[in-house]
1. Suppose we filter Ala332, Ala341 for residues that are modelled with pLDDT of 95 or more and crowded, with 23+ Cβ neighbours inside 10 Å; which single one remains?
2. Would you confirm whether any residue within the stretch 182-191 is touching a Lys or Arg at 6+ places or on another chain (Cβ under 6 Å) and part of a loop (DSSP other than H, G, I, E, B)?
3. Can you find a residue in the stretch 515-538 that is at pLDDT 70 or above and among the aliphatic types (A, V, I, L, M)?
4. Among the helices (runs of 4 or more DSSP H) lying completely within the stretch 68-140, list those that include at least 3 residues that are among the polar types (S, T, N, Q) and at pLDDT 85 or above.
5. Can you name the residue in the stretch 250-262 that is crowded, with 18+ Cβ neighbours inside 10 Å and touching a residue at least 40 places away in the same chain (Cβ under 8 Å) and, of all such residues, is nearest to Ala223 (Cα to Cα)?
6. If you scan the stretch 229-240, which residues turn out to be open to solvent by 20 Å² or more (accessible area, probe 1.4 Å) and either without any contact (Cβ under 8 Å) to a residue 40 or more places away in the chain or of a type in the set (A, V, I, L, M) (or both)?
7. Which of the residues belonging to the stretch 293-332 are more than 18 Å from Leu75 (Cα to Cα) and either free of Cβ contacts under 8 Å to residues at least 60 places away in the same chain or outside any helix (DSSP H, G or I) (or both)?
8. Kindly list the number of the only condition in (1) more than 24 Å from Leu219 (Cα to Cα); (2) in a helix (DSSP H, G or I) that fails for Leu163.
Amino acid sequence: MTTHGDPATQSGAPAVAARTGPPDDAEDPPATTGDDTLPAALEGLRAAIGATSFPLSLPSAEPARRTAAGLTDQLDDYLLPRLTRLDAPLLVVVGGSTGAGKSTLVNSLVQARVSAAGVLRPTTRSPVLVCSPADSSWFRQGELLPGLTRTNEPSEDPGTLQLVTAPALPPGLAFLDAPDIDSVVDANRALAGQLLAAADLWLFVTTAARYADAVPWELLRSARSRGAVIAMVLDRVPAEASDEIAAHLSEMLAEQGLGQAPLFVLPETWVDGQGLLPGRVTAPLADWFARLAADADARAAVVRQTLDGALAAVHPAIEGLADAADEQVETADALDERVQAAYRGAHRTVEQGLTDGRLLRGEVLARWQEFVGTGEFFRTLEARIGRLRDRLIAAVTGRPAPAAELRTAIESQLVTLLRGVAAEAAENAYTGWKAHPAGAALLEPGLAHPGDDLPERAERLVREWQRGVLDLVRAEGGDKRFVARTAAYAVNATGLAVMIAVFASTAFIPTGLEVATGAGTTVAAQAVLQAIFGDQAVRTLANKARVDLLDRVRTLLDEEAARYLARTEAARPGPETADALRRAATRVEIARHRSGLTTGEGDR
């Protein structure tokens, strides 16, 4: 059995309601229409919140998700329905820690056993709302707390709201017995917070043994920041310690900016056969609520203060969400940059490979020398241009096999280079993302390597580039008698020489290193092409072929990078998300001041 002692002295007047009355000009708020109304502004805010997500794994993401969910719940559960009916009954949500005696207190105030109380914890699983029979239609329609299913019977489902009528409860006032704020059941804790955010007035119940616990004070500070009206009940206070404990709790309330909250002290006592507290114990609190229920102006003042406090808290909360959305975009951009840097590096490696002679080594060099006929070809370079042209024609038209082998060697060398730079870029991008928590959460093992079809795409790229070089030769030499006389094979041979030239020098002016590396092949390629096209045409062909190759390589690498970038794109908030949130919050703030709800500030 639970014991109680003598009640502490109370002032009796509903000081909070008197303290939080609206400004004098709030009785006739300025007329607003359309999108300027407060409900319309809140609907726009809700849409902006709903369009915002925080998918990247950042320290700010989970708090932002909770804030967004809490704001959405408060909009749906309280702000929007309450604004449509400012004259609806005052909802008092009774909250507190496990075992604080909330259900016993509610039962005692309405003089009926309407909410289960007991020693098993948690006792209250689904919330219980008690109202006067005259007010039941307002709560049964579901405008307030629309996400909870109404029921007339006790339920174990926290998603239900049990409705009970109590004839002893006067119209204009309703009590909602919420789950424990520190329940071991996650769903109960979450629901308790949701219900408290839907309250016109918080009745916070704590005990002499637990009034200093951290969890209630966190919620009380949250309520204070939102301007909610709060009343405190200190339950189960030993008679010999009543003054001392009450004084200490009052000091704590004052330190937290809650010194004006009424404090009711309930002493230890026995409950009766129905589990109700003696009337003399609850009389000060019951009388306070009776006067509040009888005074429509006082109830309206409480509603307006809580509404205005909740609305005033919207702007800073939305600013926090907008900052978190900005951080999501900035992080996605940073992750993209790590990927793009890796693939830019790959592209630079290919560019360098076209200037430093590395592509002329090995098989390509051997096949080129075989193609032109090392001894005879280089001796021909000393002859006149006309003789060089004649000997080239004789050489290339009679030896198709070396040309095919050279073309294959060029393809193989380029494909090997592309596969190598793609593999290195994938590894660098993977490492860059792995070092960032948001990037690591987006990774999958396959991203550490190039795409499965990269070899085929690289081979196709090189073959298409080689065909493009031949098209360039045809276009540049279309009016040259050489091409006309020697038909397709001359085009092929000249195209191969262009490819070799691209491998050897970006400007087509061989350096000593290139000559040494290529064993004179750059000079040979230059002489051949100059004999056919002339110096400027040679430069044009080499530059066009090189630009075409690098463009194709860039496209290939962009396709590889897209495997990463698609993941950040899917997770990235829209570029206007944060601005949309801020604009919506500003509209709410303007509509709030125009509505006449603001206390002590007047219209702006």
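1. Exactly one of Ala332, Ala341 is modelled with pLDDT of 95 or more and crowded, with 23+ Cβ neighbours inside 10 Å, namely Ala332.
2. yes
3. no
4. By residue number, 102-110.
5. Here the residue is Ala261.
6. Listed by number, the residues that qualify are Ala239, Glu240.
7. Asp295, Glu330, listed by residue number.
8. Condition (2) is where Leu163 drops out.
The values are calculated or read from the model by the stated rules, or taken from the named source; none is laboratory data. This is a predicted model, so every value here is computed, not measured. Every residue, glycine as well, gets a Cβ built from its backbone with ideal geometry; the counts of neighbours run over all protein chains shown. Accessible surface areas use protein heavy atoms only, side chains included; no ligands, DNA or RNA. Shrake-Rupley method; radii C 1.70, N 1.55, O 1.52, S 1.80 Å.
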